[in-house]
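Asks: Right, I'll just put the structure down here and ask away after.
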Amino acid sequence: MESDIDSSASEIDEPVDSGTDSDSEIINFKKHVNAAPRQHPENTLTNGHTNHAQQPKYSTNFWLTKTETYLLHKRRPFYPCSHEGSCEEAHCRCFREKIACEKTCACPSSCKRRFRGCTCARDSRVRVCWKNPKCECAILNRECDADLCGTCGAAEVLDPVNRYDEHVAKDKCANVYIQRNLPKRTLLGHSEVQGFGLYIGEKVKADDYLGEYKGEIITNGEAGRRGAIYHHLRTNYLFNLNKDQEVDSTRAGNKFRFINNSNEDSIINCYPHVMLCNTVVRIGMYAKRDLKVGEELFFNYGYPKEATKGF
């Protein structure tokens, strides 16, 4: 949607220098997060050329046992670090928050804390990378990255030219559902339980991607204010995104906000999965089991039963 704000307003919207590594309060409007570029001596060879040698990296076990990089609900929104020297020496935000440095960070390319992507092989017999216990990306609750994962085929699958080409995607990375964003057909209708509901419009297999839960990204404080109003209205479209933010799909959401709640395992037929996609946390909805055309979708909101009596 195009903004109606006068162009003169751009004077107050200066990019934030991430080199300051600020811990200021997250705000509700768009914030520039480009890392200030830096020239590191270790990145350059004696002849002046860039050093392309294989860089060191930590093991998956390190990320699982020594950091919180995979605990997306405990993480704050990601802002790339930018500093001289190593992250340990600079005590940068990535180091302090025990998370991996990303491709957008301006720390040295030799930084061990950088996430380097997975090295999974292509295979036409399975969904490559998707829920693979050996895929570094899947283990750490990340979708594969077209810039980092060179062997699984993520780059080819995410190429806009190949977006609808299932032949290209057949033996390549399946752990890019949210980024590729090819939702299943769904239909909005009156629910058999309460108000409106969302129905599946095509046959779906277990763990298939249904679509993304979208909405306005707001702070927890704002979510608390709105939540009080939504509780009074006996409706709630808030969804926890990370430690500091929630998604509110009341005004800026899509059809997935109409999926109704259920606490019964026999009724629940889909589930949300929060993933780090290209440095941004997003919410995908997936089928819990095989679904037939016309089935109403249900998932567990995670709210106490008394809070969901009216919706």
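The values are calculated or read from the model by the stated rules, or taken from the named source; none is laboratory data. As the structure is a computational prediction, the values presented were derived from the model and not from experiment. Cβ atoms come from the backbone with ideal geometry, glycine included; neighbour counts cover every protein chain shown. Accessible surface areas use protein heavy atoms only, side chains included; no ligands, DNA or RNA. Shrake-Rupley method; radii C 1.70, N 1.55, O 1.52, S 1.80 Å.
Asks: ARG289 to HIS91: FRET efficiency via 1/(1 + (r/R0)^6), r the Cβ-Cβ distance, R0 35 Å, to the nearest 0.05?
Replies: Rounded to the nearest 0.05, the efficiency is 0.15.
Asks: While we're here: Does the stretch 70-119 come out rounded, prolate or oblate, given a ≥ b ≥ c as the square roots of the eigenvalues of its C-alpha gyration tensor, rounded meaning a/c under 1.5 and, failing that, prolate meaning a/b above b/c? Don't jump to the answer; show the numbers that get you there.
Replies: On the way: a/c = 1.88, a/b = 1.19, b/c = 1.58.
Note, shape of the stretch 70-119 comes out oblate.
Asks: Next question. For the stretch 65-210, which whole percent of the accessible surface, found with a 1.4 angstrom probe, sits on carbon and sulfur atoms?
Replies: Solvent-exposed carbon and sulfur of the stretch 65-210 make up 51 percent of the total.
Asks: For a 19 Å ceiling on Cα separation, which of these pairs sit above it: LYS66/LYS172; LYS134/LYS184; LYS131/LYS205; LYS66/LYS112; LYS98/LYS243?
Replies: LYS66/LYS172; LYS134/LYS184, as the Cα separations exceed 19 Å there.
Asks: Also, quick follow-up: For the pair SER266 and ASP171, how long in nm is the line joining their label points, each one 7 Å along Cα→Cβ?
Replies: Roughly 4.5 nm, to one decimal.
Asks: Now for a separate question. Show me the ranking of peptides 71-80, 150-159 by mean Cβ neighbours inside 10 Å, starting with the highest.
Replies: 150-159, 71-80
Asks: Hey, got the dipole for the stretch 199-311? About the Cα centre, +1 on K and R Cβ, -1 on D and E Cβ, debye to the nearest 20?
Replies: Working: 16 positive and 15 negative charges, 43 e Å.
I would put it at about 200 debye.
Asks: Quick one: which of 257-263, 184-190 comes out on top by average Cβ neighbours within 10 Å, and what's the full order, highest first?
Replies: On the way: 257-263: 19.7, 184-190: 14.0.
Put in order of decreasing packing, that is 257-263, 184-190.
Asks: Would you please give the FRET efficiency between HIS73 and HIS190, computed as 1/(1 + (r/R0)^6) with r the Cβ-Cβ distance and R0 = 51 Å, to the nearest 0.05?
Replies: Once the sixth-power term is evaluated, E becomes 0.95.
Asks: Can I ask one more? Label the stretch 88-223 by shape, choosing from rounded, prolate and oblate, from the square roots a ≥ b ≥ c of the eigenvalues of the Cα gyration tensor; if a/c is under 1.5 it is rounded, and otherwise prolate applies when a/b is larger than b/c, oblate when it is not.
Replies: It is oblate, given that a/c is not under 1.5 and a/b is not larger than b/c.
Asks: To continue, here is another question. Kindly identify the stretch 153-255 as rounded, prolate or oblate by the Cα gyration tensor criterion: order the square roots of the eigenvalues as a ≥ b ≥ c, call it rounded if a/c is under 1.5, otherwise compare a/b with b/c, prolate if a/b is larger, else oblate.
Replies: Verdict is oblate for the stretch 153-255.
Asks: Now for a separate question. Using 0.36 nm per residue of separation minus the Cα-Cα distance, give me the extension gain between GLU216 and TYR303 in nm, one decimal.
Replies: 29.3 nm
Asks: Nearest 0.05, what FRET efficiency do LYS134 and THR250 give at R0 = 41 Å with Cβ-Cβ as r? Could you put the intermediate results ahead of the total?
Replies: Details: r = 40 Å, r/R0 = 0.98.
The calculated FRET efficiency here is 0.55.
Asks: At THR119 and HIS231, where each label point lies 7 Å from the Cα along Cα→Cβ, what is the point-to-point distance in nanometres?
Replies: For the pair THR119/HIS231, the computed spacing is 5.1 nm.
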